[in-house]
Every structure is written in C-alpha cells, then in structure tokens.
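Working notes, beginning with the structure itself.
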Amino acid sequence: MSDHHPLTEAIIRGRRKDVPTLVSQCLEAGESAQSIVEHRLVPGMAVVGERFKKNEIFVPEMLIAARAMKEALKILEPDLVAAGVKPEFTAVIGTVEGDLHDIGKNLVAMMWKGANMEVIDLGVNVSPAKFAAAVQEHRPNLVGLSALLTTTMPAMRDTVQAIRDAGVPVKIVIGGAPVTHTFAEEIGADGYAPDAASAVDCALALLKQGASS
Ligand code: B1M
C-alpha cells in the first residue's frame with residue numbers, strides 16, 4: 001500500500017483519467033486549489049524526479065506523470081486565477097532556450113494572472129532573441145525566465161543580456177529547480193523566486209519599487 005495521497009499517487013503513476021475525480025474530491029473536502037498544488041501535485045512530481053534520478057523510471061514515465069499533472073492544473077486554473085478587472089501590470093514569461101520543461105513556468109504564469117497581471121506566455125525553448133523581441137513589442141513591466149536544467153542556465157544569462165540590450169526598462173525574475181539567488185545576482189536578474197507563490201511576492205515587490213523610483 002502506498003503512503004501517498006490518492007491524487008499524489010495518480011500523478012506518480014501518470015493515471016490522467018483518475019485525476020479529475022480525485023481533484024474534485026479534494027476540492028469538495030474543502031482543500032484550496034493552492035494547497036492541492038503544494039501538497040498533492042508537487043510532491044508527486046518530486047517522487048517522479050527522484051525515481052528518474054535512480055534510473056527506476058525513464059523519460060516516457062516522466063512524460064505521462066507530467067500529462068497527469070497538467071490535467072490537474074487545467075481543472076484548478078480558474079480557482080488559481082482570481083477574476084481581476086483590469087490588469088495592473090504586464091509580464092512576459094517563458095522557459096529559456098534548450099529547455100522543454102513548462103509545468104513550473106505555467107504555475108508561475110497562473111499565479112501572476114491571479115495577481116492581476118496580463119501574462120504573455122512565450123512557451124518553452126525560447127531564444128534570447130525571441131525574448132528581446134517580445135519585450136520590445138509588448139513593453140512589459142516584468143519578464144519571467146524559467147530553467148529546469150543545469151545545462152540551460154547559461155541560456156538564462158544570455159537571455160538577461162539580450163533583454164538588457166533591447167533597452168526596455170523591465171524587471172527580470174528568474175526561477176526553476178537549479179537556479180539560486182546567487183545565480184540571479186551573478187547574471188544581473190532583478191529577482192529570484194524558489195516557487196510560484198514567492199514569484200508573486202518577488203514580482204510585486206520589484207514592481208512597487210519600480211513605480212516609486
Ligand atoms: Co526532466 N529533468 N528532463 N522532464 N524533469 C528534471 C528537471 C530532472 C531534475 C530530473 C532528475 O534527474 N531528477 C533532470 C534535470 C537535472 C539537471 O539538469 N539538474 C531532468 C532531465 C535530466 C531531463 C532530460 C535531459 C532527460 C533526458 O532526455 N535524458 C530531458 C530534457 C528535455 C529538455 O528540456 N530539453 C527531460 C525531459 C522531461 C520531460 C519532457 C519528460 C518532462 C517535462 C514535461 C513538461 O514540463 N511539460 C520532465 C519532467 C516532468 C521532469 C521532472 C520529473 C518534474 C519537473 C516538474 O514539472 N516539476 C523533473 C524532476 C523534478 O523537478 N523533481 C525533471 C514540478 C514543477 C511544479 O516544479 O518545474 O521545479 P518546477 O517549478 C517550480 C520551481 O522550480 C519554481 O516554481 C515552480 C512551482 O513552485 N519555478 C519558478 C519554476 N520556474 C520558475 C520561474 C520563476 C519563479 C519560480 O520566475 C519566473
């Protein structure tokens with residue numbers, strides 16, 4: 001018998017079809033969408049990552065777990081995104097070049113929408129030039145960069161540089177499992193957030209700073 005919550009277990013096993021019922025059960029039991037993400041879904045992906053590291057599972061299993069997680073997030077998105085009237089700020093977000101991981105980035109995008117921002121999501125594997133072009137086109141207040149691979153962290157550095165070279169005054173927040181506060185400082189990003197909830201606090205603090213300076 002597994003010690004995991006049934007929803008966590010469904011994520012680990014990639015049982016996408018079971019996900020809607022299990023998510024509904026959690027909501028009916030009074031759990032908030034954010035708590036479901038933090039306590040049921042993210043721990044499932046952590047187990048998947050550990051098993052992958054130990055060669056107990058391989059990329060196809062990781063992929064089906066990710067699909068199950070996305071199914072859950074699709075259901076929870078309306079609850080995670082509060083109905084803001086007119087967005088106060090605009091943000092551009094994406095996963096950097098060479099990196100295809102998008103679950104964390106999608107969560108941050110949802111949370112930023114929930115904090116009343118208009119979010120332009122460039123997707124995954126976004127080149128520095130594409131980020132720079134998007135910044136020039138949309139003139140956002142904020143840019144979010146996500147990277148999940150140590151091998152794509154250099155692309156983050158190149159992207160920060162390309163955005164700065166574009167000459168648009170914008171705050172840059174970075175995040176993702178291998179990224180640290182020190183790395184953010186090293187590459188000249190304005191902020192680092194370890195998770196999606198802190199990405200909201202970090203963004204709002206930077207934007208308020210920007211507004212008063
Ligand atoms: Co990949 N993968 N993967 N993978 N994968 C990891 C990241 C890994 C840690 C697994 C492991 O070895 N334990 C490892 C990276 C090792 C490293 O570089 N240090 C790894 C590897 C090696 C790979 C491949 C190279 C495998 C291969 O092909 N041999 C390959 C690379 C492909 C590529 O990108 N070019 C690969 C592929 C894949 C899949 C496609 C199969 C799939 C991704 C599907 C998808 O995203 N659509 C996948 C998955 C699912 C994972 C794990 C298991 C889960 C990632 C995830 O979604 N976590 C992951 C192991 C792990 O993380 N435990 C792993 C849940 C998500 C909510 O967390 O994304 O960390 P996370 O986001 C968090 C924070 O990081 C933060 O907030 C989020 C929520 O709180 N955050 C930000 C993220 N972005 C932020 C931005 C911010 C602020 C905060 O501001 C803008």
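Just so it is clear, none of the values below were taken in a lab; they were calculated from the coordinates. This is a predicted model, so every value here is computed, not measured. Neighbour counts are summed over all protein chains in view; Cβ atoms, including those assigned to glycine, are modelled from backbone coordinates with ideal geometry.
Under 5 Å from the amide H of ILE120 lie the amide H atoms of ALA91, VAL92, ILE93, each residue being 5 or more positions distant or on a separate chain, with H modelled from the backbone and absent for Pro and chain starts. What is the magnitude of the charge dipole of segment 89-212 about its Cα centre, with +1 placed on the Cβ of each Lys and Arg, -1 on the Cβ of each Asp and Glu, and no other charges, expressed in debye to the nearest 20? Magnitude of the dipole: close to 240 debye. In order along segment 159-174, the Karplus-derived 3J(HN,Hα) couplings, from 6.51 cos²θ - 1.76 cosθ + 1.60 at θ = phi - 60°, round to 5, 4, 4, 5, 5, 4, 5, 5, x, 9, x, 8, 8, 10, 10, 10 Hz, and Gly and Pro are given as x. Close amide H pairs (under 5 Å, H built 1.01 Å from N) link ILE172 with VAL143, ASP190, GLY191, residues at least 5 positions away or on another chain. Computed from the C-beta positions of HIS181 and GLU88, the FRET efficiency with R₀ = 25 Å rounds to 0.45.
Per-residue ellipticity at 222 nm, computed for the chain from helices alone with -39500 (n - 2.57) per DSSP H run of at least four residues, works out to -16500 deg cm²/dmol.
If the segment from LEU63 to LYS208 were pulled out straight at 0.36 nm per residue, it would be longer than the present Cα-Cα gap by 48.4 nm. Projected label points at LEU100 and GLN25, each 7 Å from Cα along the beta carbon direction, are separated by 3.2 nanometres.
A Gaussian network model of the chain, with springs between Cα atoms under 10 Å, assigns the largest mean-square fluctuation among LYS54, LYS70, LYS113 to LYS54.
Figure legend: label point modelled 7 angstrom from the Cα of ASP165 along Cα→Cβ; residues of segment 118-147 with amide N under 18 Å from it are 126-137. Taking the Cα atoms only, what angle lies between the long axis of helix 103-114 and the longest principal axis of the chain, rounded to 10 degrees? Tilt relative to the chain: about 70 degrees.
Phi-derived couplings, Karplus 6.51 cos²θ - 1.76 cosθ + 1.60 at θ = phi - 60°, listed residue by residue for segment 27-37: 5, 5, 7, x, 6, 7, 4, 5, 5, 4, 4 Hz, with x used for Gly and Pro. Which one of ARG139, ARG51, ARG40 has the biggest mean-square fluctuation once the chain is modelled by GNM with Cα springs under 10 Å? In this elastic network of the chain, the residue with the biggest mean-square fluctuation among ARG139, ARG51, ARG40 is ARG51.
If you take the C-alpha gyration tensor of the chain, multiply each eigenvalue by 5 and take the square root, what semi-axes do you get, largest first, in whole Å? Please report the intermediate quantities before stating the final value.
Working: eigenvalues 188, 85, 36 Å².
Working through the eigenvalues yields semi-axes of 31, 21, 13 Å.
Distant-in-sequence amide contacts of VAL126, defined by a placed amide H-H separation under 5 Å and a gap of 5 or more residues or a different chain, comprise THR95, VAL96, GLU97, GLY98, ASP99. Computed from backbone phi with θ = phi - 60° and the Karplus coefficients 6.51, -1.76 and 1.60, the 3J(HN,Hα) list for segment 5-13 is 4, x, 5, 4, 5, 5, 5, 4, 7 Hz; x is used for glycine and proline. Largest mean-square fluctuation among MET110, MET69, MET45, in a Gaussian network model of the chain whose springs join Cα atoms under 10 Å apart, belongs to MET45.
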